[in-house]
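The structure appears below as structure tokens.
Nothing in this text is a laboratory measurement; each read-out follows from the coordinates by a stated rule. Computed from a predicted structure; not experimentally measured. No Cβ is skipped: glycine too gets one built from the backbone with ideal geometry, and neighbour counts run over all protein chains shown.
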Amino acid sequence: MRPRFLLLAIVAVLVLTTLGAYRHAGQCGFVNLDDDAYVEFAPMVNKGIRSAALVWAVTAIHSSNWHPLTMISHMLDCELFGVKAAPMHWENVGWHLLNSVLVFLLWRRLSGAVWRSAFVAALFALHPLHVESVAWISSRKDLLCTFFWLLGLLAYVRWTARPSVGRYALILLCLALALLGKPVAVTFPATLLLLDTWPLRRRPAATWRQLVWEKLPLFGLAGLHAVVVFIVQHASGAAHYAERIPIGARLGNAVIAYARYLGKTVWPDALSPMYWHPGYWPAWAVLGALVLLGAVSTLAWRQRAKRPWLGFGWLWFLGTLVPMIGLIQVGAQSMADRYTYVPLLGVFTIIAWAGGELVTGLPRWRIAGALAAAAVLAACFVVTQRQVRTWENSIRLYESSLAAGEDNPAIRYLLGVALAAAGRPEADAAAQYRRAIELEPDYVNAHTQLAMIAMRHQRLDEAQAILEQNIRFEPKNESLHSNLGAFWSLRGDLARAMPHYEAALRLSPDNPGLHREMAQIAMRQNRTADARAHYEAAIRADGWNAMDYSNLGLLVGNLGNIAESRRLFQRALWIEPGQEYALRNLAALDQIEQAQKK
């Protein structure tokens with residue numbers, strides 16, 4: 001078979017088998033794990049492409065992150081298909097197909113090894129650990145980031161063959177787009193150094209100083225973006241969870257996570273959308289993981305001359321996982337399947353080249369090796385196809401996690417929320433919240449849901465006790481103070497509500513939701529100056545809430561400032577075209593101005 005036809009045949013088989021593994025993706029819906037915040041109920045996204053939304057995507061922080069390319073991608077989906085899950089899932093599959101083909105073409109160009117590269121790409125396409133990145137709409141960021149990361153690697157290979165300013169600019173552009181998709185691409189320049197050692201073998205012809213020097217613009221761009229992300233996550237409170245986990249526990253979990261990722265790569269069972277962080281792992285487990293990592297690292301070092309692919313793959317795995325390994329803790333997870341999307345390329349490379357070396361050295365084993373590779377891919381195909389179906393809806397996703405043996409407070413809490421949203425009996429949801437509390441007694445999210453249930457049944461003393469207990473659990477959590485303030489506000493006791501709102505504002509002075517609540521209370525008390533100050537503070541903190549502009553527009557209009565009122569209503573309509581409240585008030589302003597002219 002001619003080389004070109006062989007490559008086309010491999011690509012065709014890769015695409016068809018991947019489509020087969022993900023053939024149920026279109027039957028999956030939205031899940032209550034970020035899909036609601038990213039797309040389903042996100043007003044700046046779910047109304048499609050418009051000028052305000054594009055400006056928002058580029059300038060605003062969303063879900064404690066800044067990834068404008070990802071948000072624009074979701075907007076485009078809503079523009080083209082509406083708020084429908086099936087097309088979005090199929091688009092994710094399409095990006096995964098592109099990435100899988102790029103892996104094959106890139107690895108083949110780098111190494112010249114067709115079948116080994118095909119095996120790496122097939123593992124990448126079919127491995128069950130990658131289902132989360134593909135079957136979860138909110139994980140579009142992984143797919144976009146990886147696409148531009150791989151294009152950047154291809155651009156780098158072209159640049160090393162014939163350096164030019166234009167080719168280097170293309171590498172920078174690819175890195176910028178990858179970072180705008182997801183910040184984990186900060187390790188991209190380091191992967192170029194790995195390519196320099198193998199398979200490009202630019203060392204020792206070029207010194208390390210030369211290799212690093214030529215990549216300084218790339219390191220600079222990645223470093224600048226890392227600083228921006230760090231500031232964003234701390235400002236939004238996403239990194240505050242680290243305060244509950246000492247650095248020693250985070251270091252121990254990082255070591256364990258590396259070992260667990262390797263284990264799930266070899267035997268991908270008990271997959272879950274949330275692996276709970278336990279705090280400190282047993283010392284024997286951390287020591288065992290350290291021994292494993294040390295042994296493989298030692299082997300890679302000793303084999304660096306004879307088997308450079310071993311060090312390449314191992315350092316790729318270790319290095320590209322660094323931003324997600326939990327040294328800077330964001331959220332309650334100890335690890336996540338989606339974090340393996342790029343890092344496992346290193347492990348897959350080791351598997352492919354080790355297997356290829358084995359059958360090359362033992363020709364009689366060639367058929368057995370091919371059959372073993374086919375069996376591995378077939379097993380991945382079956383498990384991946386089954387895992388895709390678990391993303392059908394929120395309830396099935398979390399029940400599948402429980403059935404697989406991954407039972408933790410977050411899974412129970414999210415399942416309870418999903419059951420309530422689906423209209424299941426209240427007792428079923430409450431049972432999940434209580435189970436979450438059994439697993440983690442100070443899990444305030446579950447306690448808050450139980451407090452809301454108690455309020456619906458007028459068990460106000462019980463609700464009050466729960467909300468006060470939550471504050472004792474997390475005294476620096478502004479949301480818990482705000483919840484207790486809302487409780488007293490609903491009971492009509494503003495004197496008892498205000499101290500809690502004020503405490504929340506002291507903890508989070510730029511919280512727009514708190515300022516909105518305070519503004520509404522001030523309006524009810526006819527304190528218009530205070531209300532105006534709080535609405536203006538809410539707009540400074542979050543300038544993309546159309547209702548804030550409309551409420552402030554009505555307030556200043558009532559104070560007689562018609563021009564300012566009109567400007568605020570027009571701003572609200574720019575953010576949310578067709579907002580009835582703003583349209584109605586603008587019409588009223590027109591009538592007032594016409595009456596004044598008469």
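Note down the relative contact order for segment 238-386 as a percent, whole number, built from C-alpha pairs under 8 angstrom at least six residues apart.
Numbers: 133 pairs, mean separation 44.4, N = 149.
Relative CO of segment 238-386 lands at 30 percent.
Lys/Arg Cβ at +1, Asp/Glu Cβ at -1, dipole of the chain taken about the Cα centre: which of I72, L568, L290 is farthest positive-ward?
It is L290, whose Cα lies furthest towards the positive end.
What are the ³J(HN,Hα) values, in whole Hz, obtained from phi via the Karplus relation 6.51 cos²θ - 1.76 cosθ + 1.60 with θ = phi - 60°, for each residue of segment 296-305 in sequence order, with x given for Gly and Pro?
After applying 6.51 cos²θ - 1.76 cosθ + 1.60, I find 5, 5, 5, 4, 4, 5, 5, 9, 4, 7 Hz.
When a/c is below 1.5 the answer is rounded, else prolate if a/b is larger than b/c, else oblate, so apply that to segment 526-598 with a ≥ b ≥ c taken from the square roots of the Cα gyration tensor eigenvalues. Present the calculation step by step, with values, prior to reporting the outcome.
Numbers: a/c = 2.57, a/b = 1.31, b/c = 1.96.
Taking the square roots of the gyration eigenvalues as a ≥ b ≥ c, segment 526-598 is oblate.
With unit charges on the beta carbons (Lys and Arg positive, Asp and Glu negative) and the dipole taken about the Cα centre of segment 3-394, which residue among L153, V45, N253 sits farthest to the positive side?
L153
For Y275, which sequence-distant residues (separation of 5 or more, or a different chain) have an amide H within less than 5 Å of its own amide H, given hydrogens modelled in the peptide plane?
For Y275, whose amide H was placed from the backbone, the distant partners under 5 Å are S334, M335.
Provide Rg over Rh for segment 407-508; use the alpha carbon set for both Rg and the Kirkwood Rh (inverse mean inverse pair distance).
Working: Rg = 13.9 Å, Rh = 13.9 Å.
Dividing the radius of gyration by the Kirkwood radius yields 1.00.
I need the phi-derived Karplus couplings for segment 270-275: 6.51 cos²θ - 1.76 cosθ + 1.60, θ = phi - 60°, integer Hz, Gly and Pro marked x.
These are the phi-based 3J(HN,Hα) values: 6, 7, 8, x, 8, 9 Hz.
Considering just Cα atoms, how many Å³ per residue does the convex hull of the chain enclose? Working shown, then result.
Numbers: hull volume 110.2 nm³, N = 598.
About 184 Å³ per residue, rounded to a whole number.
Nothing charged except the Cβ atoms of Lys and Arg (+1) and of Asp and Glu (-1): what's the magnitude of the dipole of the chain about its Cα centre? Round to the nearest 20 debye. Intermediate results must be reported in sequence, preceding the final value.
On the way: 56 positive and 42 negative charges, 547 e Å.
Dipole size: approximately 2620 debye.
Where does each of S139, S334, S111 land when they are ranked from fewest to most other beta-carbon atoms within 10 angstrom? Show your work: numbers first, answer last.
Values: S139 26, S334 23, S111 19.
By the 10 Å Cβ count, ascending: S111, S334, S139.
Spelling out what I want: for every residue of segment 116-127, take phi, set θ = phi - 60°, compute 6.51 cos²θ - 1.76 cosθ + 1.60 (Karplus), and round to whole Hz; glycine and proline get x.
With coefficients 6.51, -1.76 and 1.60, one gets 5, 5, 4, 5, 4, 5, 5, 4, 4, 6, 10, 5 Hz.
Could you work out the relative contact order of segment 526-598, using alpha carbon pairs under 8 angstrom and six or more residues apart, expressed as a whole percent?
Details: 61 pairs, mean separation 17.5, N = 73.
So the answer I get is 24 percent.
Expressed as a rounded percentage, what relative contact order does segment 3-394 have, with Cα pairs under 8 Å and six or more residues apart? Before the final figure, lay out each step's value.
Details: 516 pairs, mean separation 89.4, N = 392.
For segment 3-394, the relative contact order is 23 percent.
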